[in-house]
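Laboratory data are not the source of any read-out in this text; all were calculated from the coordinates shown. Fair warning: this is a prediction, and the values are worked out from it, not measured in the lab. Please note: Cβ atoms are built from the backbone with ideal geometry, for glycine as well, and neighbour counts cover all protein chains shown.
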């Protein structure tokens, strides 16, 4: 077990390293923003390497900060006891510009609490990471192998990318989108049944994308990104930098797929098909998946079509500009007090003895008396008033400078507030338009469904009518008049117009239909007219009474 004073120095070093990592994360995010803006026309691989270098520099800076803090130590009580006599002479000037000391003392007093909270959150983050890795292993053990033709296809695709490692292909119902994981024994997981439900050429492009992840070693990189996010979970700059790295990683894999694909529209259609099929479903964040989010798919397709990398949006530019202004402002305000405090610290730690007092000068007695200067009564008070006026003027100048700085800060805040309001209004308008478009699309789909149903119904009626006409033509060809009379009789019976089949009569011509001497309803007349009458001269007359029948048929075709 470490001694108490060593343990206290380590706790203070961790606490101040975490605090310094915040502004280091802001600097790393600003550097990433500069990279995004300046590399819009460059290859995406260059942009990805620059962002990865930015992340490495952040980690190195945090490590150096921890070593420096551990070397210097943060025992506030001892440092304050040794420096207080010397610092008392300039502490008034140090606090006049920006008083850090109360904040520093507060953080030093609560360093143990800060580190304890960080350790608890770190344990939770690492537990989630381990649970995710365990879930991936369980999915791999329970996966099923697809048909043998897909394994052969995967070998051919690996050869196109120049991948020498053997990659396994598994199907699982636990995954919703294709994903690749594993470094020494890589595996590609696809949703169950997707290999048979989508066109083979689209599935091959998706497998090429996952093979590109494996060739680049993105699984290990993704794991390192999750570890850094677990350690610095409170750092928004780092999390934004990691999001940029993941975005450019997907773009690199897209370029690798397009380099071996003849028609890029196949790959674009495959991405859209997968997004439409699996909208709203999730996948393990610790595997290297096909890509998540509607916005992510939109800019990827746009980049492949326009050959232009994505730049920063309005929100990202605003946040980075505000962070840069804050860092520069704090640096400029802290510049002069820091130098003064450094001088105080150097004076306190100096081991050189104080300089000896000057030797007394022996007085010389002069025999000739010297005339004494004559001072007026107002000389001394005038000098005192002059010094007082000088000090008062300096105070007024300082107050005026502070007033100017305060007004400038207020104007800056007001301008920033107006920009944020305008940006929020634009976002609101865009969201409202998007909702309206979605509602219109849903309404159009509903109307299209109704139209399809009506077309289907009309097609069925047309097919039935065609069958009846064919049957009628067949009857006419065979000369079966009795059958036509029987069919007309059955139609009238089904319509409820003939209550008794032993005694009834009907007359059908192009002008009317009489059943038992009474006009029949118009729908029944139109139906029989279209089916059995081909000209205005055709007619049917039939009568049955007490077992006797009388039939009269006149058709031009006959």
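Here r is the Cβ-Cβ distance between residue 408 and residue 138 and R0 is 60 Å; the resulting FRET efficiency, rounded to 0.05, is 0.50.
Please compute the length gained on full extension between residue 436 and residue 160, using 0.36 nm multiplied by the number of residues separating them and subtracting their Cα-Cα distance.
That pair, residue 436 and residue 160, stretches by 94.8 nm at full extension.
Applying 1/(1 + (r/R0)^6) with r as the Cβ-Cβ distance of residue 555 and residue 305 and R0 = 41 angstrom yields a FRET efficiency of 0.05. Just to verify a number: FRET efficiency for residue 445 and residue 328, C-beta to C-beta distance, R0 = 45 Å, to 0.05? Approximately 0.25, to the nearest 0.05. Computed from label points 7 Å out along Cα-Cβ, the spacing between residue 428 and residue 119 is 4.8 nm.
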